[in-house]
Amino acid sequence: MTYRGERKHSKKREAILEVIRSTECHPSAQWVYDKLKPVIRDLSLATVYRNINLFIKEGLVVSCGVVGGEERFDGTTSPHPHTICVHCGKVADTPIPQGKTMEMIEDSWKIERPPEAGQNFSIDFRKTVFYGICQDCLNSAR
Ligand SMILES: [Zn+2]
Ligand SMILES: [Zn+2]
């Protein structure tokens with residue numbers, strides 16, 4: 001019984017991680033749940049939340065912050081900037097400028113020495129988010 005239960009548990013875990021990794025939409029827990037519910041009948045939203053929180057602790061998933069009241073998640077864990085549309089809530093990766101690699105961008109973000117505000121504070125990472133209106137919303141506003 002226990003063995004079956006654990007297998008089932010890890011199958012859900014894998015499916016949840018797979019869904020987050022296979023999309024670029026930076027999904028919410030609800031989005032992941034809606035995607036998997038038709039396939040995994042006994043899935044609960046609480047299970048999705050619990051697993052995502054574990055993934056974050058394990059460094060497999062990062063949080064993009066709360067957009068329109070829903071926390072959004074990213075399966076790409078290396079630091080990269082996001083654009084967030086304040087109109088429709090779309091979270092997108094900022095395209096890498098021509099002639100630059102992700103490594104170059106990450107290098108330029110590295111904090112060699114904490115700025116004044118960072119004194120008496122050990123900085124581990126920073127996040128860059130640009131807020132604005134996405135292309136789709138711009139087009140439909142015309
Ligand atoms: Zn938009
Ligand atoms: Zn991202």
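The values are calculated or read from the model by the stated rules, or taken from the named source; none is laboratory data. Everything numeric in this text was worked out from a predicted model, so none of it was measured. No Cβ is skipped: glycine too gets one built from the backbone with ideal geometry, and neighbour counts run over all protein chains shown.
Annotations
- Single residue of region 90-141 satisfying the filter (in contact with a helix residue (DSSP H, G or I) (Cβ under 8 Å, 6 or more places away or on another chain) and within 14 Å of ligand 2 (Cβ to nearest atom)) that is modelled with the lowest pLDDT: 96
- Answer residue from region 67-85, given it is over 10 Å from the mean Cα position of the chain (by Cα) and exposed (fewer than 15 other Cβ atoms within 10 Å of the Cβ) and is farthest from residue 133 (Cα to Cα) among those: 78
- Answer residue from region 20-46, given it is assigned to a loop (DSSP other than H, G, I, E, B) and among the aliphatic types (A, V, I, L, M) and is surrounded by the fewest Cβ atoms within 10 Å (Cβ to Cβ) among those: 39
- Among the residues making up region 28-47, a single one is among the aromatic types (Phe, Trp, Tyr) and either more than 14 Å from the chain's Cα centre (by Cα) or modelled with pLDDT under 95 (or both): 33.
- Taking (1) within 16 Å of ligand 1 (Cβ to nearest atom); (2) assigned to a helix (DSSP H, G or I); (3) of a type in the set (A, V, I, L, M) in turn, residue 52 satisfies each apart from (1).
- Of all residues in region 48-61, those being within 16 Å of residue 30 (Cα to Cα) and either more than 16 Å from ligand 2 (Cβ to nearest atom) or modelled with pLDDT under 95 (or both) number 5.
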